Ligand SMILES: Cc1ncc(COP(=O)(O)O)c(C=O)c1O
C-alpha cells in the first residue's frame, strides 16, 4: 500500500470541514479509521454477530474464533512470546489501572515507592495516586531535561531500595521524546524492579518487540492505532498474569463458582470479565492488517520526514515556540505562541479545517514543570503529508495576523 495516496483509504477525508479539506493533526488524541475497519464493524454486526466465549451455536463459535484471531495477530504484531499475554481492556487507561490495582494489592505497602516520570499522561499517574491514598505508597518522578526528555540517568537518580515498580511512557504525547525503554528495563531488572510502559503513543509509531524490550507490562490504546474506540490492550508477562489477582469479577473470568468459594479461569480469561468489546476486537484485526500492509518501517520513515519538516517550518515561524527538542522524537509538535491562548489558536485553525488539540493534553505535571497552563499540539498519523504541515503553518500565520503578531 502506497503511503503517498493513503488518505483515500480513510472515508473521513471525503468530507469537508467548514468548506475546507480536512487537515487532521490530532492523531495523538485519536486516529482516523481506515474503511476496512469501519466495514468490518458493519459486516460483523450485520452478518456474523454473536457474543463470544459462551454459547456453542454456529455464530458464537465463529465469533469466538475471530476474537481469538485478533489476540494472535496482536501477539505477532508486538512479538509477545505467548498469545495468553495479551489481555483486551476498554483502553490503555484501563490496562494501567489493572496493573496499578493488582500489582498494588500484591506488592505495595506503606512507604514503598512507585517511580514515574514528569512526562506521564494522567492515565499513568492517577491510578498510582489511588495507592498513595489507600496504602500510603509514595510516588517519585524522574525529571525531564531542558530538551523535554527523560534519560536513563534521570531514572537511575530516583531509584531507591524502596522502588517497587517503574512506570514510563514510551513516547511522550507532548514533547515527542522517545524514551530508552530497553535500557530502562535492563537497569530496573538489575535491581529486581518491574517496568510498566505506557505505549499509547509508541504502538502506532514504533516497531514493537516485547521480547526484545523485555518490559513487564505494556499498555496500548487501539483507537490511536487506526482501530475502534473502547478497546485497549495490556501486554503482561505470563508470570505476572499468573501471579496477580483478577482485576474485575463477573462472568467469563471464573473457573468454578460455589457458595463456599470461587476459582478463576485460565489466562487470559481471568482478566476479561463480562461481555467484552467484541466487535471492536474483531475489527482491530483489520487495523493490524492495515499497519502490516503499509509496513511499520515505511510508516516510521514517513513520519520521521514529516516531523523533521514540521520542526523546520515551525522553527522558522517567528513567535512559535516548539516544546521540547528531544534527540529521538516522534509524531507530535507541541507549541505555544506568546500572546495567543492555545484554545484561540485551535479555534482559528479549525476554521481552515486544520484540526489540532489545545490544552494540557492530560499532562498537567509536565505543563506545570514547563510553567505553562496549556499548549497547542499538532500530531501526526500515517495519512499526513508535507502539504498538511504547510497548511498548519499558513493557518498559524493567519492566526498571528488576527492577533497582530509578527
Ligand atoms: C500517553 C497516553 N497514555 C494514556 C492515554 C489514554 O489512553 P486511552 O484513551 O486508550 O485510555 C493516552 C491517550 O490520550 C495517551 O496519549
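Where a number appears in this text, it was derived from the coordinates with a stated rule and is not lab data. A quick note: this is a predicted structure, and the numbers were derived from the prediction, not measured. Virtual Cβ from ideal backbone geometry, glycine too; neighbours counted across all protein chains shown.
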message: Per-residue counts of other Cβ atoms within 10 Å, averaged by peptide: what ranking do you get for 8-19, 33-44, highest first?
response: 33-44, 8-19
- line: Most exposed to least, judged by fewest other Cβ atoms within 10 Å, 276, 1 sort to 1, 276
field: Helix axis angle, 386-402 relative to the chain longest principal axis, alpha carbon, degrees
entry: 60
statement: Check: C-alpha center region 353-406 vs C-alpha center region 7-56, spacing in Å is 25
statement: Expected max-MSF residue from 169, 263, 64 in the GNM of the chain (alpha carbon, under 10 Å) is 263
- prompt: What angle do you read, to the nearest 10 degrees and between 0 and 90, between the alpha-carbon axis of helix 58-77 and the longest principal axis of the chain?
  reply: 60
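Is the shape of region 1-110 rounded, prolate or oblate, going by the alpha carbon gyration tensor and its root eigenvalues a ≥ b ≥ c, with a/c under 1.5 for rounded and a/b larger than b/c for prolate?
In terms of gyration-tensor shape, oblate.
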- request: For n ≥ 4 DSSP H runs only, could you compute -39500 (n - 2.57) per run for the chain, divide by its residues and tell me the 222 nm figure to the nearest 500?
  value: -11500 deg cm²/dmol
statement: When the chain is treated as a Gaussian network with springs between alpha carbons less than 10 Å apart, the largest mean-square fluctuation among 31, 101, 287 is found at 101
- line: log10 I(q)/I(0) for the chain, Debye formula on C-alpha points only (no solvent), q = 0.06 Å⁻¹, two decimals, reads -0.25
Sorted by Cβ neighbour density within 10 Å, fewest at the top, the residues 240, 128: 240, 128
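Roughly what % of DSSP beta bridges within the chain run antiparallel, to the nearest 5?
60
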query: Which one of 385, 275, 229 has the biggest mean-square fluctuation once the chain is modelled by GNM with Cα springs under 10 Å?
result: 275
- prompt: Does region 91-175 come out rounded, prolate or oblate by the C-alpha gyration tensor, with a ≥ b ≥ c the root eigenvalues, rounded set by a/c under 1.5 and, if not, prolate when a/b is larger than b/c and oblate if not?
  reply: oblate
- request: Would you work out the relative contact order for the chain, in percent, from Cα pairs under 8 angstrom that are 6 or more residues apart?
  value: 23
- prompt: How do 143, 308, 260 line up, fewest other C-beta atoms within 10 Å first?
  reply: 260, 308, 143
